[in-house]
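**Student:** Input: one structure, supplied below.
Values in this text are rule-based calculations from the coordinates and carry no lab data. What you are looking at is a predicted structure, and each value in this text was computed from that prediction instead of being measured. We place every Cβ from the backbone using ideal geometry, glycine too, and count neighbours over all the protein chains shown.
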Amino acid sequence: MRSLKWFQIGLRFKNWLISGVLGLLFLITSLVVLLLNADITPLQWAISLLMAVLGIYGILFCFRKIFMKFVSVYSNGIMKKPSNVSEIRDIIYRRKILSQGAKVVTIGGGTGTSTLLRGLKSYTSNITAIVTVADDGGGSGVLRSDLGILPPGDIRNCMLALAETEPVLEKLLSYRFTEGSLKGQSFGNLFLAAMNGISNSFEEAVKYMGDVLAITGRIYPVTEDNIFLVAELEDGTQIRGESRIGAHNRTHPGKIKQVMLDKTSVAPVKQAIDAIYEADVIVLGPGSLYTSVIPNLLVEGVAKAISESRAIKVYACNIMTQPGETENYTVGDHIEAIYSHVDTPFIDVCIANNGKIQSDILKKYQNDGSIPVAIDNQTIKKLGVRLVEKNLVKIRKDFVRHDSDHLAQTIMELTKIN
């Protein structure tokens, strides 16, 4: 199918080129007749003029078609086909500006990371998303158990966030089956699982799927090792599995002391480490502190690379506390939890929300044991972290989320200041 597609494109290009060559011949012949024939008859003059018009049309037709195809490829072929010169100019200008944007590396997973990526792609195309692969619940957990692949869910969400897809394609990749043995499974997860089946590695499968969706930037799993997350509570109890850690308070309440991987040595994906060293800004979060952000830092070499990188290191703190993970945590508590899992403190800036949440939404969260994360300025200052407060609240389907545009804008402003 792919070879047929390229054959058809090549055939069209050949036809456009032929029309251009014929147009040029018509125009040259017309000029020769008009300029070198002194005794030209009215009929010859009319035929020559017609040939000139046809020649010019053929040349313009050729250039327009080839230029439109160039723009289509330049815009990844996924965006709406440009309808006029103004739209073509806007596409090229936007691509050029984005390609000169800051090199941003995001580290995390879950809804928080994908929300951030949706905003960042409007400012730069130099984005690298490093995603945790410790998820063992939901559809990802089923595929991980049945097929032995790394969990695809968080990576799929990041791809959708960075893709310039048509609405129908996005709906297709987000679709979850409602019946049969595939009930609850996402088509996007299955797509990535199939891509993994024809690739040499999971990292390569992610790259190929990114090529198909023409995503802005790059996405890497933090490791290709099959890992599970283990949490140790303050009373010494250990809970294995990312999905169980977040829900542990229902069966065994207690504050999390630390999280660890079930293997002593977990190798990182080399391209992820390279991206960290080359970055202008590195963003941890937003996302679940113990199950989305910190697991990436436990992979060998990741925290060290962040510490040694010359990039601005930013922590985007959650807006709400999370039952089972961060009950009653302040912003400072989040930072201290990160520092307790790394050898060297490295956060330069913390972005925290100071926006208000409407009372009915707030009450719903309070009933579930979640409250807004309090900003404790003195603790943050003692930790040597610069605090940036912004109204980042966006309510989506009665859920509190970060406003992706405001968060991305705040991060990009930091790159200009520093």
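**Student:** Is the shape of segment 168-293 rounded, prolate or oblate, going by the alpha carbon gyration tensor and its root eigenvalues a ≥ b ≥ c, with a/c under 1.5 for rounded and a/b larger than b/c for prolate? Present the calculation step by step, with values, prior to reporting the outcome.
**Tutor:** Details: a/c = 2.03, a/b = 1.30, b/c = 1.56.
Cα axes put segment 168-293 in the oblate bin.
**Student:** While we're looking at this one, here's another question. Could you work out which residue, out of Leu36, Leu383, Leu173, moves most in a Gaussian network model of the chain, that is, has the largest mean-square fluctuation with Cα springs under 10 Å?
**Tutor:** Leu36
**Student:** Below 14 angstrom from the Cβ of Val302, what's the summed charge of the other residues (Lys, Arg +1; Asp, Glu -1)? Intermediate values should be presented prior to the final figure.
**Tutor:** Numbers: positive: Lys270, Lys304, Lys313; negative: Glu224, Asp225, Asp274, Glu300, Glu308, Asp343.
Residues near Val302 contribute -3 overall.
**Student:** Let me ask something else about it. Longest exposed-loop-site-free stretch of the chain, with trypsin sites (Lys or Arg not before Pro), DSSP loop and at most 10 other Cβ within 10 Å?
**Tutor:** 184-309
**Student:** What residues qualify as long-range amide H neighbours of Ala163, i.e. H under 5 Å apart, gap of 5 or more or another chain, H built at 1.01 Å from N?
**Tutor:** Those lying under 5 Å, H to H, from Ala163 are Thr216.
**Student:** Take the alpha carbon gyration tensor of the chain, find the square roots of its eigenvalues, order them as a ≥ b ≥ c, and report rounded if a/c is under 1.5; if not, report prolate when a/b exceeds b/c, else oblate. Could the numbers behind the result be given before it?
**Tutor:** Details: a/c = 2.77, a/b = 2.22, b/c = 1.25.
The shape class here is prolate.
**Student:** Show that you can apply the helix-only estimate: for the chain, add -39,500 (n - 2.57) for every DSSP H stretch of four or more residues, divide by all residues, and state [θ] at 222 nm to the nearest 500. Intermediate values should be presented prior to the final figure.
**Tutor:** Details: 17 runs with 207 residues, N = 418.
The per-residue figure over the chain is -15500 deg cm²/dmol.
**Student:** Please report the spacing between the Cα centers of segment 227-294 and segment 23-64 in Å, no decimals.
**Tutor:** Using only Cα atoms to place each centre, the spacing works out to 73 Å.
**Student:** If you line up the long axis of helix 85-99 against the longest principal axis of the chain, both from Cα atoms, how many degrees apart are they, to the nearest 10?
**Tutor:** Its long axis makes an angle of about 40 degrees.
**Student:** State whether segment 122-202 is rounded, prolate or oblate according to the following rule on the C-alpha gyration tensor (a ≥ b ≥ c being the square roots of its eigenvalues): a/c under 1.5 gives rounded; otherwise a/b larger than b/c gives prolate, and the remaining case gives oblate. Provide the component values of the computation, followed by the final result.
**Tutor:** On the way: a/c = 1.92, a/b = 1.30, b/c = 1.48.
In terms of gyration-tensor shape, oblate.
**Student:** In addition: Check Glu300: other-chain or 5+ apart residues with amide H under 5 Å from its amide H, H built from backbone geometry?
**Tutor:** Val266
**Student:** Give me the dipole magnitude in Debye, nearest 20, for the chain about the Cα centre, with unit charges on the beta carbon: positive for Lys and Arg, negative for Asp and Glu. Walk me through the numbers before you get to the answer.
**Tutor:** Numbers: 45 positive and 40 negative charges, 296 e Å.
The dipole magnitude comes to about 1420 debye.
**Student:** Taking just the C-alpha trace of segment 194-250, give me its Rg and Dmax in Å.
**Tutor:** 16.7, 48
**Student:** Please list the non-local residues whose amide H lies under 5 Å from the amide H of Arg386, H modeled 1.01 Å from N, same-chain partners needing a gap of 5 or more.
**Tutor:** Val349, Cys350
**Student:** What does the charge count around Gly141 come to, taking other residues whose C-beta lies under 10 Å from its C-beta (Lys +1, Arg +1, Asp -1, Glu -1)? Please list the in-between numbers first.
**Tutor:** Values: positive: Arg144; negative: Asp135, Asp136, Asp146, Glu242.
My count for the surroundings of Gly141 gives -3.
**Student:** Could you work out how far helix 138-147 tilts from the main Cα principal axis of the chain, as a 0 to 90 degree angle to the nearest 10?
**Tutor:** 80 degrees
**Student:** In whole Hz and in residue order, list the ³J(HN,Hα) couplings for segment 261-276 that follow from phi through the Karplus curve 6.51 cos²θ - 1.76 cosθ + 1.60, θ = phi - 60°; x for Gly and Pro.
**Tutor:** Calculated HN-Hα couplings, in order: 8, 7, 10, 6, 9, 10, 7, x, 6, 4, 4, 5, 5, 4, 5, 5 Hz.
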